[in-house]
Amino acid sequence: MSLPDASAASADRPIGSAPNADRPIGVFDSGVGGLSVLRALQAELPHEHFVYFADTAHAPYGERGDAYVAECALAVAHELIGTHGIKALVVACNTATAAAVHLLRAQWPALPVVGLEPALKPAVTASRTGHIAVLATRGTLASAKFGRLHEALRGQAQFRLVPCDGLADAIERDDAIKTGALCARYMGAAGPFGLQAGEVDTVVLGCTHYPFAAPLLHAHAPEGVRFIDTGVPVALHTRRVIAAQGLLAGAPASAPGLTLRGSADLAHLQAAAARWLAPSAPSLPKVSVSAPLSAGAAVAGR
Ligand code: DGL
């Protein structure tokens, strides 16, 4: 994979020109995990058109290292800007945010870029026992960005950091048996759970894939233990960011659409979107599926 030339992205919307409220919002992840964020974005911003990109050909990001993930993130952003002329980018991936959000902002300074990070601050506020488990990818937990966040909150709670190797991949592949086994293993490492002194009463889901395994994770903790993810806060933040720049879409004449893009296996992404987005967007009106980043022909829209 070679790094894209940012100047080539200027065909549709010159980089540095003012983003336009009529353009879509780009959202991306290594795979289907970012759909947990897109679901919240669609609920919060019902007038917006979204282009969701799953970088499935290069997933999982979590155990690959910063340089690899940064290269992927730059390539995906380049594609979303160059082909779709997005007005804002939501990095719906903790691992990619940690590895690349600063590079994305440096490369495209006129583009609003919303990143996300494991919800340690909300967890500190929510926790009564002051014992918090953080489930995330190895890449996120090893990143300098996460290190700074952890350091800043160190005195305020005890954090148990659990790198969940393989879990995002198992969720991505829809492998229920492996997902169940890994949830049991990592929740075992994160506990003991409970509401008494010394027990973990708050679990941070620090990877956007993990909300899709929520029932399997919840099964290993007693009633009252809280699970916190970042979908809703990121959606609220995105609204604030684009509103501040005058980029909120007005009510469209027809229902806004969703474009699904991927670097591999678009059928899998399409099925996951139908499954995970349906509860909050029952009538998903105009889903169109377009070509992978680097290979294959366009898949017919529906
Ligand atoms: N969903 C991503 C995250 O939030 C990445 C998972 C992966 O590709 O390992 O970190």
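List of remarks:
- Exactly one residue among ILE132, ILE86 is more than 30 Å from ASN20 (Cβ to Cβ), surrounded by 22 or more Cβ atoms within 10 Å (Cβ to Cβ) and not hydroxyl-bearing (Ser, Thr, Tyr), and that residue is ILE132.
- Positions within the range 22-71 being outside any strand (DSSP E or B), open to solvent by less than 10 Å² (accessible area, probe 1.4 Å) and in contact with a Lys or Arg (Cβ under 7 Å, 6 or more places away or on another chain), in sequence order: LEU45, GLY62
- Selection count, the range 72-90, where residues are in a helix (DSSP H, G or I) and either within 14 Å of the ligand (Cβ to nearest atom) or touching a Cys at 6+ places or on another chain (Cβ under 9 Å) (or both): 3
- Neighbours by Cβ (under 9 Å, 6+ apart or cross-chain): first from the range 112-126, among the small types (Gly, Ala, Ser); second within 16 Å of the ligand (Cβ to nearest atom) and open to solvent by 20 Å² or more (accessible area, probe 1.4 Å): GLY115/LYS145; ALA119/ILE228; ALA119/ASP229; ALA119/PRO233; ALA123/ILE228; ALA126/ILE228
- Count of the range 143-187 residues which are in a helix (DSSP H, G or I), of a type in the set (D, E, K, R) and away from the ligand (no atom under 16 Å from the Cβ): 4
- Residue satisfying all of: in the range 91-142; under 30 Å from GLY191 (Cα atoms) and in a strand (DSSP E or B); farthest from the ligand (Cβ to nearest atom) among these: HIS131
Conditions tested, residue by residue: (1) modelled with pLDDT of 95 or more; (2) open to solvent by 50 Å² or more (accessible area, probe 1.4 Å); (3) of a type in the set (Gly, Ala, Ser); (4) within 15 Å of the ligand (Cβ to nearest atom).
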{"position": "TYR210", "(1), (2), (3), (4)": "yes, no, no, yes"}
{"position": "VAL232", "(1), (2), (3), (4)": "no, yes, no, no"}
{"position": "HIS237", "(1), (2), (3), (4)": "yes, yes, no, no"}
{"position": "ALA249", "(1), (2), (3), (4)": "no, no, yes, no"}
{"position": "PRO256", "(1), (2), (3), (4)": "no, no, no, no"}
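The values are calculated or read from the model by the stated rules, or taken from the named source; none is laboratory data. Note that the structure is a prediction, hence the values are computed from the model and not measured. We place every Cβ from the backbone using ideal geometry, glycine too, and count neighbours over all the protein chains shown. Note: areas computed on protein heavy atoms with side chains; ligands, DNA, RNA excluded. Shrake-Rupley method; radii C 1.70, N 1.55, O 1.52, S 1.80 Å.
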